[in-house]
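Presented below is the structure to which this report refers.
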Amino acid sequence: MAGILKVDKYQDFNGNDIMTSDGSGNLTLNNAAFKNTPAFEATITTEQNPSGGTDTLINFDNEVFDTDGAYDTSTKKFTVPSGQAGKYHFYLNICIGSSANSGVNQIQAYVYKNGVKTNTRSIVNTNNDGNGRYYGLTITTTIDLSVGDTIEIYGRGDVSTGTIEVRTAESRFGGYKIIE
């Protein structure tokens, strides 16, 4: 036996909307427990030229989106908001290279938690093979965080010619809370 139930909203016992429909099949989830938030993504607006051989905070200074105001473009940190402890998934794509046509020996990107380097990193060793000016690094990781914990991205490069460049268009950093 089959049946059809037609409703435009589901509510909890206190009359709070949990889910609504516009009548055209588009649902809106109104309960935070159904959403992967807080969530953010940031990009770089100005090429960065860090010193070689030194871990440098990457200048993710432009918010693409930030659902809870948890990413700070002035400090380049994501901070877990009050009441939002849990597991978070973070992703990073960053392009680092040399201002010269070659000369890149090694590039690295690291995730820092609460100001301390974690074991989560991406590294490219080129041994100055002359095959590339820029190299992309990618990181995806899931980290269990408490309220007030911070996440930031550092990069490091070693070039034999030119200066280190962190590219704008190819670089982005983001994350979101995982629904558990």
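The values are calculated or read from the model by the stated rules, or taken from the named source; none is laboratory data. This one's a predicted model, so the numbers in the text were calculated from it and none came from an experiment. FYI the Cβ positions are ideal-geometry reconstructions off the backbone, even for glycines, and counts take in every protein chain you see.
Does Arg133 qualify as being closer than 19 Å to Ile44 by Cβ and at pLDDT 95 or above? Even if it seems obvious, please write down each step before you answer.
Working: closer than 19 Å to Ile44 by Cβ: yes; at pLDDT 95 or above: no.
No, not satisfied.
Name, by its number, the condition in (1) surrounded by 14 or more Cβ atoms within 10 Å (Cβ to Cβ); (2) under 16 Å from the mean Cα position of the chain (by Cα); (3) of a type in the set (D, E, K, R) that does not hold for Lys87.
(1)
Of all residues in region 51-84, count the ones that are farther than 21 Å from Ile164 by Cα and loosely packed, with under 14 Cβ neighbours inside 10 Å.
Residues that pass the stated criteria total 7.
Please return the ranges of strands (runs of 3 or more DSSP E) entirely within region 87-180 where 2 or more residues are within 30 Å of Asn36 (Cβ to Cβ).
104-113, 116-125, 134-145, 150-159, 172-177
Residues checked against (1) touching a residue at least 12 places away in the same chain (Cβ under 8 Å); (2) of a type in the set (Phe, Trp, Tyr); (3) within 25 Å of Ala169 (Cα to Cα):
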| site | (1), (2), (3) |
| --- | --- |
| Lys6 | no, no, no |
| Ser21 | yes, no, no |
| Thr67 | yes, no, yes |
| Pro81 | yes, no, no |
| Val104 | yes, no, yes |
| Ile107 | yes, no, yes |
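Filtering region 90-101 down to residues that are among the hydrophobic types (A, V, I, L, M, F, W, C) and over 12 Å from the mean Cα position of the chain (by Cα), which residue is surrounded by the most Cβ atoms within 10 Å (Cβ to Cβ)? Explain how you work it out, then say what you get.
Our first condition is that a residue be among the hydrophobic types (A, V, I, L, M, F, W, C); within region 90-101, this holds for 90, 92, 94-96, 100.
Now drop any that are not over 12 Å from the mean Cα position of the chain (by Cα), which leaves 95-96, 100.
Numbers: Cys95: 17, Ile96: 27, Ala100: 14.
Looking at the filtered set, the residue picked out is Ile96.
Of all residues in region 1-47 being of a type in the set (S, T, N, Q) and more than 24 Å from Gly69 (Cβ to Cβ), which is modelled with the lowest pLDDT? Steps first, please.
First, the residues of region 1-47 that are of a type in the set (S, T, N, Q): 11, 14, 16, 20-21, 24, 26, 28, 30-31, 36-37, 43, 45-46.
Cutting the leftovers down to more than 24 Å from Gly69 (Cβ to Cβ) gives us 11, 14, 20-21, 24, 26.
Details: Gln11: 74, Asn14: 79, Thr20: 78, Ser21: 77, Ser24: 80, Asn26: 79.
Checking each candidate, the answer is Gln11.
Which condition breaks for Ser82 when tested against (1) more than 14 Å from the chain's Cα centre (by Cα); (2) part of a strand (DSSP E or B)?
(2)
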